[in-house]
């Protein structure tokens with residue numbers, strides 16, 4: 001659906017290079033600012049990171065920090081939203097908090113790995129639970145790395161970079 | 001040995017043995033007496049018979065002597081006529097009278113016999129001038145036993161002839177038959193050689209020698225007497241014998257011993273019968289006596305057995321003797337023992353029940369401890385997460401501020417606000433934990449005073465309203481203006497209201513409603529916090545006041561609770577002498593309510 005909208009926008013622009021955003025908005029029946037956002041994202045070469053955390057206090061500084069590093073940051077505050085956004089936004093990386101309301105991080109990880117669309121997206125687990133068995137469980141189920149709270153921001157950024165590099169090489 | 005057997009033997013010894021001795025002695029004595037009397041009777045009868053025979057024979061002798069005298073002076077024809085007449089008069093006694101001349105020729109015979117008897121002994125003996133009685137012989141005429149008596153007929157001392165009489169023995173039978181000799185007895189006469197010359201049984205062969213018979217031997221020795229012996233026929237007999245010297249005859253009377261001593265036998269049988277009857281009676285008596293004695297003892301024994309087995313019934317007291325007393329004492333003792341046993345059993349049962357109860361309690365307590373332990377682990381892990389989350393936020397924000405070149409001032413402000421929020425949250429959490437540990441340790445300090453619930457509610461509502469606004473939740477308040485003041489700790493009650501309202505807010509969706517109400521109720525005021533939230537399932541209702549329990553361990557974080565709120569509130573209200581209650585229906589919302597004592 002989302003993909004279709006993107007494809008339709010691309011088709012409309014191909015047909016008429018000078019078509020206005022408001023016209024596209026009218027033709028496809030979607031808000032004008034969304035059309036703008038989508039068109040901007042076509043040309044955007046920045047890497048997209050999905051942060052999944054229900055704690056705004058944790059999420060906010062991380063988001064700002066990664067934005068400053070020139071990543072596109074999208075956010076989800078529970079498991080269901082995380083899975084949905086992974087499929088529609090196709091992020092390059094997911095930072096996943098283990099403790100989530102409803103569906104916990106390990107389950108979210110498992111579901112992402114089962115789906116063909118999302119199975120290759122690298123995941124960094126983020127949690128306050130630093131017990132060794134949780135780490136092992138997370139890695140077993142397909143997480144690429146693991147960072148425990150409270151984390152060092154620079155360390156996390158370094159890990160993000162290395163995980164993204166590895167995934168590109170693959 | 002059993003008492004019964006002992007008793008029977010004892011009675012037999014003390015009664016039957018002396019009884020038997022007495023019976024035997026008296027029997028023996030009586031037997032002797034009877035035997036003596038029987039013997040005497042027999043002897044007397046024999047003597048009488050002997051005498052009767054003597055008399056009879058003497059009469060015959062006298063007859064012959066008288067006729068001889070008559071013959072001396074009587075004419076021949078007259079004498080012959082007399083002899084016929086005499087013979088006729090004594091029919092059956094005399095077979096024949098005859099006269100012999102000195103040469104031995106028969107001059108006259110009543111049987112008209114002729115001949116010479118010079119060679120006969122009766123002739124020779126009579127010729128000597130004396131009366132002669134012959135031995136018994138069988139008559140040449142009749143074939144029956146007979147004797148011949150001869151006597152000389154003298155004239156001037158010269159023997160002119162001899163008178164003879166042939167005497168039949170038939171008449172002796174009548175004499176002898178008068179003796180009672182029983183059915184098997186015998187009476188007979190022997191001559192001095194021991195030859196049978198007369199027998200009451202006429203078929204007996206005469207002149208048979210039977211001197212092997214004790215009585216016959218004795219009598220041939222010319223003795224008289226009585227004795228027991230085996231006779232010539234081999235029978236045990238009692239016999240008496242009598243010597244008739246005149247004719248050298250022995251009279252023997254024999255009685256069958258059994259017949260003679262029939263009385264003795266009868267006495268013996270009677271005695272034996274009485275003895276056996278006595279023994280039987282004694283045994284029966286001993287049996288009855290011992291039964292009377294042993295029956296209560298048996299009952300006691302059975303009673304003791306059943307007492308051991310634990311199902312005792314009182315033994316009936318059958319007598320008032322020592323055994324009866326013993327039975328009564330036994331019954332009494334058994335009853336007491338059973339009572340004690342019952343009491344002990346009851347005690348043991350009670351003790352067992354107590355033990356079981358305690359055991360159950362221990363198991364339950366153990367289960368609860370296990371549950372609590374697991375809850376505690378969860379709690380610790382949650383708390384560590386709760387502590388780390390704001391810490392992490394603070395650190396990340398600070399790091400961001402420190403390292404990045406912040407382009408926009410509003411981002412900087414945002415970071416600082418984030419730090420302040422996290423610090424507040426951390427503070428709240430630490431306060432909760434401290435309050436909780438104080439309540440748990442019983443070290444929470446309360447300042448009870450007159451408190452106006454209006455003021456308390458106002459403070460709490462101020463805290464909660466901004467949060468409610470964010471969720472677009474309406475908070476209604478229904479507190480009468482004239483509400484009575486309460487006795488309580490203002491600060492602690494604010495905490496309670498904060499917690500309850502916070503929970504209500506937490507579990508109520510956007511655009512829901514929360515109602516805080518209070519009203520007078522007798523000596524207390526009743527406070528209610530009602531929400532239109534998700535409600536609580538029945539099985540979770542009882543657990544929500546448990547320490548560390550959380551209905552949903554992840555939902556609480558949107559509002560940043562510690563999960564200790566209800567525990568703390570419950571502890572505070574308990575310290576106020578009341579309790580928090582909850583009513584809830586899933587999907588319909590929940591109502592928490594509690595009473596507070598009025599002041600004064």
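Where a number appears in this text, it was derived from the coordinates with a stated rule and is not lab data. Source: prediction; values computed, not measured. Don't worry about glycine lacking a Cβ; one is built from the backbone with ideal geometry, like all the others, and counts go over all protein chains shown.
Points to keep in mind about this one:
- Computed over segment B:445-597: relative contact order in percent, which uses C-alpha pairs under 8 Å that are six or more apart: 25 percent
- Convex hull volume per residue for segment A:48-169, taking Cα atoms only, in Å³: 93 Å³
- Computed [θ] at 222 nm, deg cm²/dmol, chain A (DSSP H ≥ 4; -39,500 (n - 2.57); rounded to nearest 500): -17000 deg cm²/dmol
- With neighbours defined as other Cβ atoms within 10 Å of a residue's Cβ, the residues B:198, A:42 order from fewest to most as A:42, B:198.
- Shielding of A:97-103 by partner chains, average beta-carbon count, 10 Å: 3
- Inter-label distance, nm, simple model (7 Å from Cα along the C-beta direction), residue A:32/residue B:347: 10.0 nm
- What the Cβ-Cβ distance of residue A:84 and residue A:161 gives, at R0 = 30 Å and to the nearest 0.05, is a FRET efficiency of 0.65.
- In degrees, nearest ten, helix B:322-403 long axis to first principal axis of chain B (Cα): 20 degrees
- Once the Kirkwood radius over Cα pairs is known for segment A:2-43, the Stokes-Einstein relation at 20 °C and 1.002 mPa s delivers a diffusion coefficient of 213 µm²/s.
- Pairs of Cα atoms in segment A:1-94 fall into 5 Å distance bins, from 0 up to the last occupied one, in shares of 3, 12, 20, 20, 16, 14, 10, 5, 1, 0 percent.
- DSSP-defined beta bridges in chain A - what % are antiparallel, rounded to 5: 0 percent
- Of all DSSP bridge pairs formed entirely within chain B, close to 95 percent run antiparallel.
- Kirkwood Rh, Cα atoms: Rg over Rh of segment B:445-597: 0.94
- Convex hull (Cα only) mean projected area of segment B:362-406, reported in nm² to one decimal: 2.9 nm²
- Residue-averaged [θ]222 nm for chain B, counting only DSSP H segments that reach four residues, each worth -39500 (n - 2.57): -18500 deg cm²/dmol
- Three-way shape call for segment B:302-408 based on the alpha-carbon gyration tensor, with the a/c threshold at 1.5: prolate
- Residue B:114 versus residue A:140: modelled label distance in nm, points set 7 Å from Cα along the beta carbon direction: 18.0 nm
- Relative exposure of B:56, B:243, judged by other C-beta atoms within 10 Å (fewest first): B:56, B:243
- Fraction of the pair-distance distribution of segment B:160-211 above 16 Å, Cα-Cα pairs, percent: 52 percent
- Rounded to the nearest 5, the antiparallel percentage of DSSP beta bridges internal to the protein assembly as shown is 75%.
- Computed over chain B: relative contact order in percent, which uses C-alpha pairs under 8 Å that are six or more apart: 9 percent
- Per-residue Cβ neighbour counts within 10 Å put B:397, B:15 in the sequence B:15, B:397, beginning with the fewest.
- Taking 7 Å steps out from each Cα toward its Cβ at residue B:420 and residue B:292 produces label points 11.9 nm apart.
- Sequence-distant contacts, meaning Cα pairs under 8 Å at least 6 residues apart, place the relative contact order of segment A:48-169 at 22 percent.
- Segment B:74-171: C-alpha gyration tensor shape, a/c 1.5 cut-off, then a/b vs b/c: oblate
- On a per residue basis, the convex hull of the C-alpha atoms belonging to segment B:128-203 measures out at 122 Å³.
- Stokes-Einstein translational diffusion, the protein assembly as shown - Kirkwood Rh over all Cα pairs, 0.692 mPa s, 37 °C, in µm²/s: 77 µm²/s
- Compared with the dominant principal axis of the Cα atoms in chain B, helix B:490-506 is inclined by about 90°.
- Prolate/oblate/rounded call for segment B:116-164, Cα gyration tensor, a/c under 1.5 rounded: prolate
- For chain B, the calculated P(r) over all alpha carbon pairs, in 10 Å bins from 0 to the bin holding the longest distance, is 3, 10, 11, 8, 6, 4, 4, 4, 4, 4, 4, 3, 3, 3, 4, 5, 5, 5, 5, 3, 1, 0, 0 percent.
- All Cα-Cα distances of segment B:181-260, cut into 5 Å bins from zero to the largest, leave 3, 19, 30, 27, 16, 4, 0 percent in each bin in turn.
- Rounded tilt (10° steps) of B:565-575 against the dominant C-alpha axis of chain B: 70 degrees
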